[in-house]
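To start, the structure under review is shown below, and the notes come after it.
Since every read-out is calculated from the coordinates, none of them should be taken as a lab result. Please read these numbers as outputs of a predicted model, since none were measured by experiment. Don't worry about glycine lacking a Cβ; one is built from the backbone with ideal geometry, like all the others, and counts go over all protein chains shown.
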Amino acid sequence: MAETKRRIKKKSGSIKTVIACSYPIYGEGLSRILQEDKAIEVVAEVSNLIDIVESCKQYDFDILLLDIELKGLNLNKILTLVKKNKDAKVILLIDDSYNENLLINGIRSGIRGYLNKNEKSSELIASVKAVYDGELWAERKLMGKVVDGSSYPTKEINLKGQVYDLTETEIKIIKLLLRGLTNKEIADELYISEKTVKFHLYKVFKKLALKNRSELMLFGFRNGLIT
């Protein structure tokens, strides 16, 4: 069985980084790129969630470079672990099919940078240094939506002649709730906190003039949201 974790020889006075990627060979490539810069030290390479948890407990690191395709990824849990590691920050590796709302929610939850896998190696090094220095590494258009709160445009939903203004996130939460998911499971699915889920549900109940989840389930059946 291939080894899922590799420990790297330490050097002092550097940006200590943990790399978490689904495929060890990919992680090793990222490690070699980063360590070409004398200011960066890769303290561990991991390829599963168990080793990420262990690394968060074992290492005093500055940056977690995290592959969004990591199997069973739970961003909320990882962010909670990272926050216990003093000032450590997370940079998420994404691909071209990323979900914009997921990224915005991630930034609001504590992720400090996003890097597309198609970027050049120089961008990888620059992102690690920038996030380490306290900057937020993300596309300008994405940051604009985070700042002005326009990431969740309302959408008119016509249900049997009645029009409701719901945001994309509210619609997603309704559909997940109608599938029987708990607030925690919805939070994990959308990479947001349970508190955020509860806030969105509060707005949904108000907009639909409902009191609780049971009434929302009934509303869903009556209006064809559940089949």
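Looking at the range 46-119, the GluC sites (Glu not before Pro) that sit in a DSSP loop and have at most 15 other Cβ atoms within 10 Å of their own Cβ are GLU69, GLU119.
Classification of the range 5-147 by its C-alpha gyration tensor yields a rounded form. The axis ratio a/c (a ≥ b ≥ c) stays under 1.5. Each Cα pair under 8 Å and six or more residues apart adds its separation to the average, and for the range 56-120 the resulting relative contact order is 35 percent.
The trypsin sites (Lys or Arg not before Pro) of the range 8-115 that meet both conditions, a loop assignment by DSSP and at most 10 other Cβ atoms within 10 Å of the site Cβ, are LYS9, LYS38, LYS71, LYS84, LYS86. Once you sort the root eigenvalues of the Cα gyration tensor of the range 62-144 as a ≥ b ≥ c, which label holds: rounded (a/c under 1.5), prolate (a/b larger than b/c) or oblate (the other case)? Rounded, because the longest to shortest axis ratio a/c is under 1.5. Using θ = phi - 60° in the Karplus curve 6.51 cos²θ - 1.76 cosθ + 1.60, the 3J(HN,Hα) couplings for the range 187-204 round to 4, 5, 5, 9, 6, 10, 7, 4, 4, 5, 4, 4, 5, 5, 5, 4, 5, 4 Hz; x is entered for Gly and Pro. Across the range 154-222, the convex hull enclosing all Cα atoms gives 76 Å³ per residue.
For the residue pairs LYS89/LYS195; LYS89/LYS172; LYS172/LYS203; LYS71/LYS198; LYS38/LYS71, alpha carbon separations beyond 23 Å are given by LYS89/LYS172; LYS71/LYS198; LYS38/LYS71.
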